[in-house]
Amino acid sequence: MQLYQNQELKIYNSLTGKKEIFKPINEGHIGMYVCGPTVYSNVHLGNVRTFMSFDMIFRYFKHLGYKVRYVRNITDAGHLENDADEGEDRIAKRARLEQIEPMEVVQMYTVDFHNTLNTFNFLPPSIEPTATGHIIEQIEIIKTILDKGFAYEINGSVYFDVLKFNETHNYGKLSGRNIEDLIHNTRSLDGQSDKKNPQDFALWKKAEPQHIMRWPSPWSDGFPGWHLECTAMSTKYLGEQFDIHGGGMDLKFPHHECEIAQAEASHGKSPVNLWMHTNMLTLNGQKMAKSTGNFILPNDFFTGDNKHLSKTFSASVVRFFMLQAHYRSILDFSNNALLASEKGFNKLMEALNALVNLPVGNTTDFDVENWKKNCYSAMNDDFNTPILIAELFSAVKFINQVKDNKASITKEDLETLSATIHTFVFDVLGLQNVSSGNEDSDKLSDTVEVLIKLRSEARANKNFALSDKIRDELLAVGIQLKDGKDGTSFSTN
Ligand SMILES: [Zn+2]
C-alpha cells in the first residue's frame, strides 16, 4: 500500500479558483508539466522560486509513492521580446550582442541554470525537452489547427484565430478575461502585422532575412511561436490530457491561455486538469528590477556581493527561507528576514543532530502520532510549507526539552519522530544539513582569518608569491578571498 492511498490531498486550481481534492487521471501516476526558462540570461530569483515550489511538490508526490513524470522544458527558440509576436528572438538578440552563435547562448545559460538549481538541491525533472528539438511536432500541431479551421496563413506566417475559436470555446477562462475586454484593451495593429485581429497569436512566423534561427515548414522558412512549444512537448510526453501544468503567475496570460486554446483547437479536449501558479517575489517590499538596482541574483547569496546583503547565506538557508512562505503568497526578501531564517534553520539542524544521542525513557510527553498527522495535513492542504515548518518547530522544542532532561520519549516514539522529521526536512523540503554559524563554521572562519592575516603580512613584505599562493590554494578548496576597501573578506561555495 502506498502512502497516497490514505492521504487526501487538496490543491488550488487556478482554473476554478478553488482548492480541489486531487485525483490523478491514472491511479498512482502523475503527469506534471512546468514551463521552463528561456535560456538567454542568468536565471533570476523569481524563476528559482517557481522551480523550487514545483521541486517541493515533485518531492512530496514522490514521497507519497506516486510515479511522477515531471516535464520541464528549455525554451531555446521562438520566445520574442514582447508578447505581441514582435521584436527579436531573445536568444538571437543575445547572440548578436555577444557576437556568438545562438546555440552558444543556449548552452551557456542552460549550464548556468542547471548549476544554480543543483546548488539549491533541486531534483532533476524526468524529461527536459527543448523547443528546437520539437520543431516537427510543432509543425504537425499547426497543420491540425489549420485543418480544424482555427488558424489562417498569411504571407508565410500562421496565426491562431482567437475570435473564431471563441465562438465555440472559451478563450480567457484561465486568466479570467473575456473577449470583449481583450478586444477593448489590445492596441490596434500598426500596419506592420499580418494578423487579422490583434488578439490573434503566432503559431508560425516567417523569418526575416536576417533572422538566424529558422527551420523549413510548409508555409515558409521560419520559426514556431513561443506558446506552441509547450503544447507540443506536453502532449508528446504526457498525452492530450494530463494532471498538472504549472508556472509562474506571469505566464497565465497570454502563455497558458494560448496553450489551452491550441490544445482544445487541435485535439478537442481541455489539456490540463489542474493549473498551478506560483506567486512573485519582492525585495524590501518593492518589485525586483535590475533597472532600479532593487534586485538579488541567486549567486549573490553565496558571494555576499550585493548591497542588500550584509553577509553570505548558504543555499539551504535561502531554500528554507523561500519555503517559509506559501507558494501562492508573495515572498518578500530582506536581509533581516534572511538572518532570522538562518537562526531558525540552524536551530532545526541542531535539533536533528541532537536526535542521535537523545536519551530514551518509559513514557513520551509529546503526541508523536498526532504531530506526524499534522505534518501531513499541512502538506495535504495545498502544500502549506509554512504550516509544516511550524509543526517541525514544535518537534524541535520537544527535542530540546528531552535533551535538557525536562521531558521524556520512548525508543519507539523517538524512531517515529526521527524518521518523520528527516523525511520532511530532507526528502520533502529538500534542505541539506550544512548549518552556517555553527561551531564548525566558526572554526573555519577563524582558520581563514589566520590565513588572511598571514597573506596581508606577506603582501606587506612584498612576498607576492606567498600571498598569491595562499589566495589560490584557498580558492582551490572553494574559499574565495575578496579584497575590499575595508580589508579582505571571504566566501565559501
Ligand atoms: Zn510554457
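The table below lists the values:
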| read-out | value |
| --- | --- |
| Where labels lie 7 Å past Cα in the beta-carbon direction, separation of ASP427 and THR292 in nm | 4.3 nm |
| Cα centroid separation - the range 66-134 against the range 265-305, whole Å | 15 Å |
| Calculated FRET value between GLN2 and GLU412, using beta carbons and R₀ = 25 Å, to 0.05 | 0.60 |
| 25 °C / 0.890 mPa s Stokes-Einstein diffusion coefficient of the chain, Kirkwood radius on C-alpha pairs, µm²/s | 97 µm²/s |
| Residues MET249, MET379 arranged by fewest to most Cβ contacts within 10 Å | MET249, MET379 |
| Per-pair calculated FRET efficiency, R0 = 56 Å: THR168 and HIS308 via Cβ, rounded to 0.05 | 0.65 |
| Filter on LYS143/LYS206; LYS287/LYS343; LYS347/LYS372; LYS453/LYS482; LYS10/LYS397; LYS93/LYS252 - keep pairs with C-alpha separation over 22 Å | LYS287/LYS343; LYS10/LYS397; LYS93/LYS252 |
| Backbone N within the range 256-274 under 17 Å of label point (7 Å from ASP147 Cα along the Cβ vector) | 262-269 |
| Extension gain from ALA337 to GLN480, taking 0.36 nm per residue of separation minus the Cα-Cα distance | 48.9 nm |
| Cα→Cβ-extended label distance, 7 Å offset, between ILE212 and ILE179, nm | 4.1 nm |
| Estimated FRET transfer efficiency (LYS269, ASP404; beta-carbon r; R0 56 Å; 0.05) | 0.40 |
| Within the range 211-229, backbone nitrogen closer than 20 Å to the virtual label 7 Å beyond the Cα of ILE136 toward Cβ | 214-225, 228-229 |
| Rounded to 10°, Cα long-axis angle of helix 411-422 versus longest principal axis of the chain | 40 degrees |
| Least to most buried among CYS375, CYS35 (fewest other Cβ within 10 Å first) | CYS375, CYS35 |
| Burial ranking of peptide ranges 286-292, 330-336, 87-93 (average Cβ count within 10 Å, highest at the top) | 87-93, 330-336, 286-292 |
| Sum of side-chain charges, ASP413 neighbourhood, beta-carbon under 13 Å (Lys, Arg +1; Asp, Glu -1) | -3 |
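Values in this text are rule-based calculations from the coordinates and carry no lab data. As the structure is a prediction and not an experimental result, all values here were calculated from the model. We place every Cβ from the backbone using ideal geometry, glycine too, and count neighbours over all the protein chains shown.
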